[in-house]
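Colleague: This is the structure, below, for whatever I ask next.
The values are calculated or read from the model by the stated rules, or taken from the named source; none is laboratory data. All figures in this text were calculated on a predicted structure; none of them were measured in a lab. All Cβ positions, glycine included, derive from the backbone under ideal geometry; neighbour counts span all protein chains shown. The protein model used for the area step is the full one, side chains on, heavy atoms only, and it has no ligands, DNA or RNA in it. Shrake-Rupley method; radii C 1.70, N 1.55, O 1.52, S 1.80 Å.
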Amino acid sequence: MKNLTLSIVALMIVASAGYAQNVEFKSSNFKDKKEEFKKAFTSYQAGDAPRAAGNTAILETKSPDNNFRKALFHYEKAYAFNPNSAKLNYKMGNCYLYTNQKYKAYEHLDKAIKLDPKSLDDEFYFYYGQACMLHGDFKKAIDQFKKYEAAASKSRIEQRSKFLKKYKKDCAGAKAIIEKPERVWVDNLESINSAQDEYGPCISTDGETLIFTSNRKNSHAADEIGEYDSDMYTSTFANKKWSAPKNMSSVNTDGDETSSALSYDGQKMLLFKEDANGNADLYQSILEGLDWQKPASLSKVINTDYDQTYAAYNFNDVKVYYITDQRGGGGKAGMDIFFSGNMDRENNYWGKGQTAGMNINTKFNEGSVYLHPDGETMYFCSEGHNSLGGYDIFVSTKYQGQWQKPKNLGYPINTPYDDFFFAATANGKYAYIASNREGGKGGLDLYRVTFWGPEKPVIGDTEDYLLASIAEPIQDTYIEKEVKVEKKSLTVFKGKVIDAISRKPLAAEIDITDNGKGEVISTVKSNTATGKFLLSLPAGVNYGITVKKEGYLFHSENFDLPAASEFNMVNKDVELKNIAIGSKIALRNVFFETGKSDIKPDSHSELARLIQLLKDVPGLKIELSGHTDNKGSEKLNKTLSQSRAQAVVDYLTKKGISASRLTAKGYGSSQPVADNKTADGRQQNRRTEFMITGN
């Protein structure tokens, strides 16, 4: 009997050890530690003011700034002294909910209610419900919100009504989204991330350059709570791995700089930082050679007295989309997406900002924006719409000039945590996001999303090793319905501009022309140090690409991209020739009617550049030559090539070029530049050229 009693007592002691009692912050509870208590209690009280300020900002759909981190700086000191205070755990859980360490919120709030539910006020259930959402227990989360509504005053419920409605709606729909995961991998960029925050990923369209922001330890002084300012970093992808991040010292200052977007040619970058008045403004940095230049304010029209944060270029740099807390025209509350158009590039004049529309902006915060180079697709993150909780990433497409109702990108891209940003490679296979989901290195981490593509039919029982980390294979015993993944219709044209003789890189100007309209739709420059260039060309247009530099003959390319064309990458070096007698250049964008010498209207832009060259160099004399492939009669080929060369001469003389500077010569198939055995080779041989005969 005695042994049995002792066993029961022992079990009671073990059981009680798992459920510690609530220890209030009272001096009577720490009679033997009076000095330690005073310091801890001072910290306990010091966290209350910034916590209150942060909560007020959240209810007003504003940024809480660093208030919750400041509160936690003090609360964590108090917690080290007394971890079993229900109220302290409650306050800490409340703060963690609105930081990038959200995953710590549940353990503190759950501990608080287990320590002493009676000591907690009604607001606790509002925060506990959010923590349950993060924990994936959506039914329990709804129960907590209902408890709050049953206990809190009418005025407090009204103050939080839009949040309560949104959270309950998200909980109701989250399960269905999670149970139908998207065909993607989401991998932590472990070689890039640290225990601090990494965010604002900017990826070049070829996927080889990554720029991001981090508040990891740097050479600057830490602030009053031991945190460092945000600096920008860069990494390059080579040999199937990312290089060690390098601080972008030419851009960074002692304050916060936040990366936002790269231009599609990789030569410009948008970022934001605070101005002298404490407002966030947009800046732009230009890549000169190997160095990013000191950022300059983007525009006085865009940078208003409001905050302007994350921004993105559209396809042809005519517009910039950005996040602002400016109101009006569909801007409802919090941060919204606006856009502004460049009205005058030379004088850097931008139009007044306009809202992206009612389909995009919500009563909650929109957090970032990214325009795909196809020109018709916008990715953005938002606390509104049908989210899993926190910020989710959405996609919207443009129809008849209007952005349509956005679609949630689904799980596991989105989670109940905050999932920010979206920067994609042009081929649509990879995208880079930032998330404070559980399981990362700490705070916000960068992740790479890999899209699987359409599912292949399964013939028999197979074993697919989907991830290297999976210990056992997954056996497929049935065939699922095929999942169609949207493919982007793009061509990426990349390479270097070099001197044809010395092979040295050249800084050249590259015009992108819509041949159908005869309009230059965009102009970019090759890098001054490397000669590199990068162009993204949406499908559905016949493009003329002209590379030009003073003192050199221009180079042209033609890309006819049907609307339904697949993604493809063109990588080549462009060789520019000095204007010297004997130099030849092919006019790739001069077109004729089939079997005739009638010049098609699509040729006018190319010929206009030749006319300008002849006007710019008055002493230049040229021979216009026509060339064919070896199909058909050589006699007919020579006749056709001669008549086409003469047609170009006649066109030029009608435009004011003296006939004494021009000669026409048809060579038929006698001067091939490629093998006539292939269709591509024959196409290259069918060309119009000019050769400099005098200068």
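Colleague: Residues that are hydrophobic (A, V, I, L, M, F, W, C): which strands (runs of 3 or more DSSP E) entirely in segment 611-695 hold 3 or more of them?
Modeller: Working: elements: 621-627, 662-666, 687-694.
Filter on segment 611-695 gives 687-694.
Colleague: Under the condition of being open to solvent by 40 Å² or more (accessible area, probe 1.4 Å) and either among the aromatic types (Phe, Trp, Tyr) or in contact with a strand residue (DSSP E or B) (Cβ under 7 Å, 6 or more places away or on another chain) (or both), which residue from segment 227-243 is farthest from residue 446 (Cα to Cα)?
Modeller: Across segment 227-243, the extreme among qualifying residues is 228.
Colleague: Can you confirm whether residue 667 is open to solvent by 20 Å² or more (accessible area, probe 1.4 Å), at pLDDT 95 or above, among the aromatic types (Phe, Trp, Tyr) and closer than 20 Å to residue 556 by Cα?
Modeller: No.
Colleague: Of the residues in segment 596-648, how many are acidic (Asp, Glu) and open to solvent by less than 10 Å² (accessible area, probe 1.4 Å)?
Modeller: If we filter segment 596-648 for residues that are acidic (Asp, Glu), which is where we start, we get 598, 602, 606, 616, 623, 629, 634.
Filter again for open to solvent by less than 10 Å² (accessible area, probe 1.4 Å), leaving 606.
Final tally of qualifying residues: 1.
Colleague: Report yes if residue 527 is farther than 29 Å from residue 286 by Cβ, modelled with pLDDT of 75 or more and either open to solvent by less than 50 Å² (accessible area, probe 1.4 Å) or in contact with a Ser or Thr (Cβ under 8 Å, 6 or more places away or on another chain) (or both), otherwise no.
Modeller: In short, no.
Colleague: List the pairs whose first member sits in segment 588-600 and is touching a residue at least 60 places away in the same chain (Cβ under 8 Å) and closer than 13 Å to residue 626 by Cα, whose second member is assigned to a strand (DSSP E or B) and among the basic types (Lys, Arg), and whose Cβ atoms are under 8 Å apart, counting only residues at least 6 apart or on separate chains?
Modeller: Once the first residue is touching a residue at least 60 places away in the same chain (Cβ under 8 Å) and closer than 13 Å to residue 626 by Cα and sits in segment 588-600, its partners that are assigned to a strand (DSSP E or B) and among the basic types (Lys, Arg) give 588/687.
Colleague: Among the numbered conditions (1) buried (at least 19 other Cβ atoms within 10 Å of the Cβ); (2) in contact with a Leu (Cβ under 7 Å, 6 or more places away or on another chain); (3) over 30 Å from residue 254 (Cβ atoms), tell me where residue 144 comes up short.
Modeller: (2)
Colleague: Report every pair of residues separated by at least 6 positions or lying on different chains whose Cβ atoms are under 8 Å apart, first residue within segment 40-51 and without any contact (Cβ under 8 Å) to a residue 40 or more places away in the chain, second of a type in the set (Lys, Arg) and open to solvent by 60 Å² or more (accessible area, probe 1.4 Å).
Modeller: Close Cβ pairs satisfying both conditions: 43/77; 50/70.
Colleague: Scanning for something more than 15 Å from residue 433 (Cβ to Cβ) and in contact with a Gly (Cβ under 6 Å, 6 or more places away or on another chain), does segment 178-200 turn up at least one residue?
Modeller: Within segment 178-200 (the criterion being more than 15 Å from residue 433 (Cβ to Cβ) and in contact with a Gly (Cβ under 6 Å, 6 or more places away or on another chain)), the answer is yes, since at least one residue qualifies.
Colleague: Scan segment 367-414 residue by residue and report those that are open to solvent by 10 Å² or more (accessible area, probe 1.4 Å) and among the hydroxyl-bearing types (Ser, Thr, Tyr).
Modeller: If the condition is that a residue be open to solvent by 10 Å² or more (accessible area, probe 1.4 Å) and among the hydroxyl-bearing types (Ser, Thr, Tyr), then 370, 379, 391, 397, 399, 411 are the ones that fit.
Colleague: Do we have any residue at all in segment 209-222 that's in contact (Cβ under 8 Å) with a residue 60 or more places away in the chain, in a strand (DSSP E or B), closer than 30 Å to residue 537 by Cα and aliphatic (A, V, I, L, M)?
Modeller: The answer is yes, given that some residue of segment 209-222 is in contact (Cβ under 8 Å) with a residue 60 or more places away in the chain, in a strand (DSSP E or B), closer than 30 Å to residue 537 by Cα and aliphatic (A, V, I, L, M).
Colleague: Can I ask one more? Can you confirm whether residue 363 is modelled with pLDDT of 90 or more, of a type in the set (Lys, Arg) and in a strand (DSSP E or B)?
Modeller: Taking the combined requirement at face value, the residue does not satisfy it.
Colleague: Okay, moving on. Would you pick out the residues in segment 601-637 that are among the hydrophobic types (A, V, I, L, M, F, W, C), more than 23 Å from residue 517 (Cβ to Cβ) and in contact (Cβ under 8 Å) with a residue 60 or more places away in the chain?
Modeller: Matches in segment 601-637: 617, 620, 622, 624.
Colleague: Return the pairs, sorted by first residue and then second, in which the second residue is open to solvent by 60 Å² or more (accessible area, probe 1.4 Å) and part of a loop (DSSP other than H, G, I, E, B), the first residue lies in segment 665-677 and is farther than 16 Å from residue 623 by Cβ and among the small types (Gly, Ala, Ser), the beta carbons are less than 7 Å apart, and the residues are 6+ apart or on different chains.
Modeller: Going by the 7 Å Cβ cut-off, the qualifying pairs are 669/630.
Colleague: Is at least one residue of segment 216-225 closer than 28 Å to residue 74 by Cα, open to solvent by less than 30 Å² (accessible area, probe 1.4 Å) and touching a His at 6+ places or on another chain (Cβ under 9 Å)?
Modeller: yes
Colleague: Here's another thing I want to ask about it. Scanning for something assigned to a strand (DSSP E or B), open to solvent by 50 Å² or more (accessible area, probe 1.4 Å), modelled with pLDDT under 90 and closer than 30 Å to residue 136 by Cβ, does segment 441-455 turn up at least one residue?
Modeller: Scanning segment 441-455 turns up no residue that is assigned to a strand (DSSP E or B), open to solvent by 50 Å² or more (accessible area, probe 1.4 Å), modelled with pLDDT under 90 and closer than 30 Å to residue 136 by Cβ.
Colleague: Tell me which of these residue 391 doesn't satisfy, since it passes every other one: (1) of a type in the set (Phe, Trp, Tyr); (2) free of Cβ contacts under 8 Å to residues at least 24 places away in the same chain; (3) farther than 30 Å from residue 569 by Cα.
Modeller: Here residue 391 clears every test but (2).
Colleague: List the number of the failed condition for residue 87; all other conditions in (1) touching a Ser or Thr at 6+ places or on another chain (Cβ under 8 Å); (2) in a loop (DSSP other than H, G, I, E, B) hold.
Modeller: Answer for residue 87: the failing condition is (2).
Colleague: Without any contact (Cβ under 8 Å) to a residue 24 or more places away in the chain and part of a helix (DSSP H, G or I): does that describe residue 118?
Modeller: Working: without any contact (Cβ under 8 Å) to a residue 24 or more places away in the chain: yes; part of a helix (DSSP H, G or I): yes.
Against the criterion (without any contact (Cβ under 8 Å) to a residue 24 or more places away in the chain and part of a helix (DSSP H, G or I)), residue 118 qualifies.
Colleague: Then there is this: Provide a single number: the residues in segment 149-189 that are closer than 30 Å to residue 428 by Cα, among the aliphatic types (A, V, I, L, M) and loosely packed, with under 14 Cβ neighbours inside 10 Å.
Modeller: Matching residues across segment 149-189 total 1.
Colleague: With (1) within 17 Å of residue 497 (Cβ to Cβ); (2) part of a loop (DSSP other than H, G, I, E, B) as the list, and residue 566 as the residue in question, which single condition is left unmet?
Modeller: For residue 566, the exception is condition (1).
Colleague: Take the conditions at pLDDT below 90, more than 20 Å from residue 287 (Cβ to Cβ), within 27 Å of the chain's Cα centre (by Cα) and buried (at least 18 other Cβ atoms within 10 Å of the Cβ) and apply them to residue 537. Does it pass?
Modeller: When the stated conditions are applied, residue 537 passes them.
Colleague: Residues of segment 588-610 being among the charged types (D, E, K, R) and either assigned to a loop (DSSP other than H, G, I, E, B) or closer than 16 Å to residue 664 by Cβ (or both), which ones?
Modeller: If the condition is that a residue be among the charged types (D, E, K, R) and either assigned to a loop (DSSP other than H, G, I, E, B) or closer than 16 Å to residue 664 by Cβ (or both), then 588, 593, 596, 598, 600 are the ones that fit.
Colleague: Of these, 319, 332, which one is farther than 30 Å from residue 161 by Cβ, of a type in the set (Lys, Arg) and either in contact with a helix residue (DSSP H, G or I) (Cβ under 9 Å, 6 or more places away or on another chain) or modelled with pLDDT under 95 (or both)?
Modeller: Sole residue among the options that is farther than 30 Å from residue 161 by Cβ, of a type in the set (Lys, Arg) and either in contact with a helix residue (DSSP H, G or I) (Cβ under 9 Å, 6 or more places away or on another chain) or modelled with pLDDT under 95 (or both): 319.
Colleague: Looking only at segment 19-46, filter to residues that are part of a helix (DSSP H, G or I) and of a type in the set (A, V, I, L, M); which one of those is least open to solvent (accessible area, probe 1.4 Å)?
Modeller: Narrowing segment 19-46 to residues part of a helix (DSSP H, G or I): 27-30, 34-46.
Pick out the ones that are also of a type in the set (A, V, I, L, M) and you get 40, 46.
Details: 40: 6, 46: 39 Å².
Per the stated criteria, the residue is 40.
Colleague: In segment 373-392, is there at least one residue being among the hydrophobic types (A, V, I, L, M, F, W, C) and over 17 Å from residue 202 (Cα atoms)?
Modeller: Scanning segment 373-392 turns up at least one residue that is among the hydrophobic types (A, V, I, L, M, F, W, C) and over 17 Å from residue 202 (Cα atoms).
Colleague: If you take the residues in segment 677-695 that are polar (S, T, N, Q) and within 21 Å of residue 557 (Cβ to Cβ), which one is surrounded by the most Cβ atoms within 10 Å (Cβ to Cβ)? Show your work before the answer.
Modeller: The initial filter retains those residues of segment 677-695 that are polar (S, T, N, Q), namely 678, 683-685, 688, 693, 695.
Filter again for within 21 Å of residue 557 (Cβ to Cβ), leaving 678, 683-685, 688.
Details: 678: 10, 683: 11, 684: 18, 685: 19, 688: 24.
In this case the residue turns out to be 688.
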